[in-house]
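> Handing you a structure now.
The values are calculated or read from the model by the stated rules, or taken from the named source; none is laboratory data. From a predicted model like this one, the values you see are computed outputs, not experimental measurements. Methodologically, a virtual Cβ is constructed for each residue, glycine included, from the backbone with ideal geometry; neighbour enumeration extends over all protein chains shown. For accessibility, only protein heavy atoms count, side chains too; no ligands or nucleic acids. Shrake-Rupley method; radii C 1.70, N 1.55, O 1.52, S 1.80 Å.
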Amino acid sequence: MAELAGLEDPKVRQVNERHGDDHGVNLGKLRALAKRLKTQQELARRLWETDDTAAKLLATLVCRPKAFERDELDTMLRTARTPKVHDWLVNYVVKKSPHSEELRQAWFADPDPVVASAGWALTTERVAKKPQGLDLEGLLDVIEADMKDAPDRLQWAMNHCLAQIGIDHPGHRARAIDIGEHLQVLKDYPTPPGCTSPFAPVWISEMVRRQHEKPGA
């Protein structure tokens, strides 16, 4: 904790706090610290229990994802608090857990929109890597009905799922683009030069174009 405190940078904190993340540690330095510490499951648990954002981020990098029980991961997600901790927990820990599918189903319909957003993030992963057994048409139905008025983090996760369906599943692409055009979600999102807009019709079209440009496509 003392070493993390020593990495605190007020300018980094100022930038992070604009995104709802209450820490001032440069993520490159945090990753370097994690690389030095290597995997330490007990340390990860103790770091998580501090409820300090930088410590929780470090915990996701030094833990052993498969060592957590299902209920433990559920509690961790509900206490993640900040967007970056939530994202790293889902992407670096839950996705590698043997409980990921069970948690995906449990979180997907959770009344807490932040918890539900984790369910959608895990669903997007399946859309891309293991779509067998998913009802893609049913997912599009839910997105069409609920995404427009969903809270920010849930809306973002649903939009990512919409785009992923359109990118990876040509049979559903036209409908995914139509839903995006109709709902207009994130159409005016400020996008830096050289980055792809998160507006689903643009995102889908750009990624499909890149796929077609790959050698052998």
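> Taking the conditions exactly as written (part of a loop (DSSP other than H, G, I, E, B) and not aliphatic (A, V, I, L, M)), does D178 satisfy them or not? Explain how you work it out, then say what you get.
Working: part of a loop (DSSP other than H, G, I, E, B): no; not aliphatic (A, V, I, L, M): yes.
No; evaluated as a whole, the condition is false for this residue.
> Another question about this same structure. Condition first: in contact (Cβ under 8 Å) with a residue 40 or more places away in the chain and among the acidic types (D, E). Now tell me which residues in the range 123-177 satisfy that.
D168
> Take the range 160-170 and flag every residue that is in a helix (DSSP H, G or I), open to solvent by less than 80 Å² (accessible area, probe 1.4 Å) and out of contact with any Gly (no Cβ under 7 Å at 6 or more places or on another chain). Break it down into steps so the answer makes sense when it comes.
From the range 160-170, those in a helix (DSSP H, G or I) are 160-168, 170; that's our starting set.
Then keep just the ones that are open to solvent by less than 80 Å² (accessible area, probe 1.4 Å); that gives 160-168.
Result: H160, C161, A163, Q164, I165, G166, I167, D168.
> Please go through the range 180-203 and pick out each residue that is open to solvent by 70 Å² or more (accessible area, probe 1.4 Å) and hydroxyl-bearing (S, T, Y).
Listed by number, the list holds a single entry, Y189.
> Contact list please: Cβ distance under 8 Å, first residue in the range 28-49 and closer than 17 Å to W88 by Cα, second residue open to solvent by 70 Å² or more (accessible area, probe 1.4 Å) and acidic (D, E), pairs at least six apart or on different chains.
Qualifying pairs under 8 Å: L33/E3.
> Of everything in the range 89-117 that's touching a Lys or Arg at 6+ places or on another chain (Cβ under 8 Å) and among the small types (G, A, S), which residue is nearest to E181 (Cα to Cα)?
Among residues in the range 89-117 that are touching a Lys or Arg at 6+ places or on another chain (Cβ under 8 Å) and among the small types (G, A, S), the one nearest to E181 (Cα to Cα) is S117.
> Out of all the residues in the range 79-90, is one or more open to solvent by 60 Å² or more (accessible area, probe 1.4 Å) and over 16 Å from the mean Cα position of the chain (by Cα)?
no
> Let me ask something else about it. Please pick out the residue among A157, A106 that is farther than 16 Å from E206 by Cα and surrounded by fewer than 22 Cβ atoms within 10 Å (Cβ to Cβ).
Only one candidate qualifies: A106.
> Of the conditions (1) more than 30 Å from K130 (Cβ to Cβ); (2) open to solvent by 30 Å² or more (accessible area, probe 1.4 Å), H23 satisfies every one except a single condition; which number is it?
Checking H23 against (1) more than 30 Å from K130 (Cβ to Cβ); (2) open to solvent by 30 Å² or more (accessible area, probe 1.4 Å), the one that fails is (2).
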